[in-house]
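Structure first, then comments.
The values are calculated or read from the model by the stated rules, or taken from the named source; none is laboratory data. A quick note: this is a predicted structure, and the numbers were derived from the prediction, not measured. Don't worry about glycine lacking a Cβ; one is built from the backbone with ideal geometry, like all the others, and counts go over all protein chains shown. Note: accessible area is taken over every heavy atom of the protein model, side chains too, but ligands, DNA and RNA are not part of it. Shrake-Rupley method; radii C 1.70, N 1.55, O 1.52, S 1.80 Å.
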Amino acid sequence: YSDDGEVVEVSWSHDPDMRYDLTNYDEQDDHTVSFYYSAKWTRSESSREHVDAKSIPEPEHLEIRWFAIFNSIVTVLLLTGFMATILIRVLKNDFMRYARSEEEGQLDAEESGWKLVHGDVFRFPNRKELFCAILGNGAQLLCMCVGVLFLACLGLYTKYNR
């Protein structure tokens, strides 16, 4: 233990001759097993930080997994490109159809797909209170996760920066 009474280091040993075989245990036999231990406290000059540094070796350099980072960036860029391509095609077709319908004088063309929900955007949901509670909790959880990840990226949760 150290000067402030904190246990710094623990070591133990056992006597292999003092063992009891329980593999052939039968419930009818009455076996009593006694457990004994002894403790010897000695003052240590080493501090808690010294023992921690000795027990877990520090890495020589921080391993940055560049391939994983590059792979993630490329995946995000490809998915963004695919989504943009699909969205541009859909919007281009809609704009061309609107232009043709204006030239022909048909403004009341039947809408289809995602354009059918334009009237529902400003409609209140059935259970506003439940929707607000779920949305608020989700936003709080999202902010907490982003905050924890940001602090982890700064290295505040690593053992070596304490």
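A few remarks follow.
- Only a single criterion out of (1) open to solvent by 100 Å² or more (accessible area, probe 1.4 Å); (2) part of a loop (DSSP other than H, G, I, E, B); (3) modelled with pLDDT of 65 or more is not satisfied by P16, namely (1).
- Residue match in segment 80-92 (condition: under 21 Å from L154 (Cα atoms), modelled with pLDDT of 70 or more and open to solvent by 90 Å² or more (accessible area, probe 1.4 Å)): no
- Remark: pairs (first residue in segment 98-126, farther than 20 Å from L87 by Cα; second residue modelled with pLDDT under 70 and exposed (fewer than 10 other Cβ atoms within 10 Å of the Cβ); Cβ separation under 8 Å; 6+ apart in sequence or on different chains) = S101/L107.
- Matching option when the condition is more than 30 Å from I64 (Cβ to Cβ), charged (D, E, K, R) and at pLDDT 70 or above, among E103, E110: E103
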